[in-house]
1. Using the structure shown, select from K104/K255; K104/K158; K8/K269; K8/K287; K201/K269; K8/K201 the pairs with a Cα to Cα distance greater than 26 angstrom.
2. Starting from the coordinates of the alpha-carbon atoms of region 41-128, obtain the Kirkwood hydrodynamic radius over all distinct pairs and give the value in Å to one decimal.
3. Run the helix sum for the chain: -39,500 (n - 2.57) per DSSP H stretch of 4+ residues, divided by residue count, reported at 222 nm to the nearest 500 deg cm²/dmol.
4. Measuring from the lowest to the highest alpha carbon on each principal axis, how far does region 1-148 reach, largest first, in angstroms?
5. Computing the accessible area with a 1.4 Å probe over protein heavy atoms, can you report the carbon and sulfur percentage for the chain?
6. Å³ per residue of the Cα convex hull, for the chain?
7. Could you compute the FRET efficiency for Q147 and S18, with r as their C-beta to C-beta distance and R0 at 25 Å, rounded to 0.05?
8. Largest first, how would D312, D63 line up by accessible area (1.4 Å probe)?
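The values are calculated or read from the model by the stated rules, or taken from the named source; none is laboratory data. Since the structure is predicted, the reported quantities are computational estimates derived from the model, not experimental observations. Cβ placement follows ideal geometry from the backbone for every residue including glycine, while neighbour counts extend to all protein chains displayed. Surface areas here come from the heavy atoms of the whole protein model, side chains and all, with no ligands, DNA or RNA. Shrake-Rupley method; radii C 1.70, N 1.55, O 1.52, S 1.80 Å.
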Amino acid sequence: MELQVQPKLIIHGGAGSSLHGKGGLEAVRRSLHTVVEEVYSLLLSGTTASEAVVQGCYMLENDPRFNAGTGSVLQSDGQIRMSASLMDGALGRFSGVINVSRVKNPIELAQFLQTSPDRVLSDYGSAELARELQLPTYNALTELRLQEWIQERHDNFKSTMASVVAEPELAETSNARRGTIGVVALDTNGKLAAATSTGGKGFERIGRVSDSAMPAGNYATEYAAVSCTGIGEDIIDECLAARIVVRVTDGMFLKDAMQRSFTEAHHNKRDLGAIALDANGAIAWGKTSEILLAAYHDGEQIGDTLEWTGNDELTSYC
Ligand code: ASP
């Protein structure tokens with residue numbers, strides 16, 4: 001019989017430059033806190049970490065504010081291609097889909113693949129799987145993302161990434177960045193899981209592969225779990241999620257593993273963020289970008305990082 005432990009939860013809705021207005025910030029806060037509240041109560045009632053992170057992703061994918069599922073950004077050709085992954089830390093098992101289109105919740109496919117002999121599928125295979133599972137065809141396009149893309153086309157695609165969250169003002173002043181979602185949980189049995197879902201960085205070349213469905217962007221063992229956001233190429237170059245998790249697995253405290261990994265990322269001029277938990281219940285987050293949209297439940301209360309500037313520190317924890 002395993003020990004009952006206090007569950008922990010941290011989620012993110014992307015990293016990048018500041019949100020435009022306080023209105024945007026409060027709306028994002030409400031969205032994130034609602035998900036934390038709901039998923040945390042699932043954890044308290046005994047839901048496994050793996051199921052809880054899927055449920056959290058599901059909710060965030062359905063929120064058009066974030067760049068995953070409904071509200072995903074458009075790629076250079078005006079199409080939406082989404083990627084998602086799930087890693088069960090206790091089982092040490094990764095699964096995911098890359099560049100899937102016309103499904104509502106890519107994380108569902110990643111979850112299904114956990115028990116499949118073939119665990120990471122690209123575009124064609126993901127579409128075949130969605131058909132096999134008889135998932136209804138779904139158009140994840142929102143008006144705001146379409147306007148953002150039209151604006152970019154007008155400007156000849158000078159932005160290298162889409163906006164961090166969908167805000168009405170962005171259609172006119174498209175200078176904010178990023179947005180992806182991730183959920184990391186520790187359940188009452190002390191088991192960890194991480195899940196990440198994205199529409200990509202926006203305006204990318206067809207076939208570009210996001211870090212979100214790679215162990216670089218989403219990784220967990222029985223000791224630690226991490227979900228990343230930011231420029232995928234930077235996350236891949238740092239192999240950030242795996243780097244942090246392996247450091248903890250090898251005996252480093254989560255706080256130190258985060259500090260060291262973010263110092264390196266900063267030194268290498270990367271633009272990224274990450275959320276993390278360890279098996280002892282430590283919660284940590286870090287960023288080299290301007291803001292990180294994350295919220296967490298520490299067992300007593302909900303907190304968030306929306307106004308954390310991280311001026312002196314690249315990482316923080318509780
Ligand atoms: N990491 C994602 C990507 O590059 C984007 C994001 O985190 O917003 O595909």
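1. Among K104/K255; K104/K158; K8/K269; K8/K287; K201/K269; K8/K201, the Cα-Cα distance tops 26 Å for K104/K255; K104/K158; K8/K269; K8/K201.
2. Numbers: mean 1/r = 0.0742 Å⁻¹.
Its Kirkwood hydrodynamic radius stands at 13.5 Å.
3. -9500 deg cm²/dmol
4. Extents along the principal axes: 54, 42, 25 Å.
5. Values: 6340 of 12990 Å².
The value for the chain is 49 percent carbon and sulfur by accessible area.
6. Given the Cα convex hull of the chain, per-residue volume reads 118 Å³.
7. Working: r = 20 Å, r/R0 = 0.82.
In this case the efficiency is close to 0.75.
8. Numbers: D312 145, D63 30 Å².
Result of the area sort, largest leading: D312, D63.
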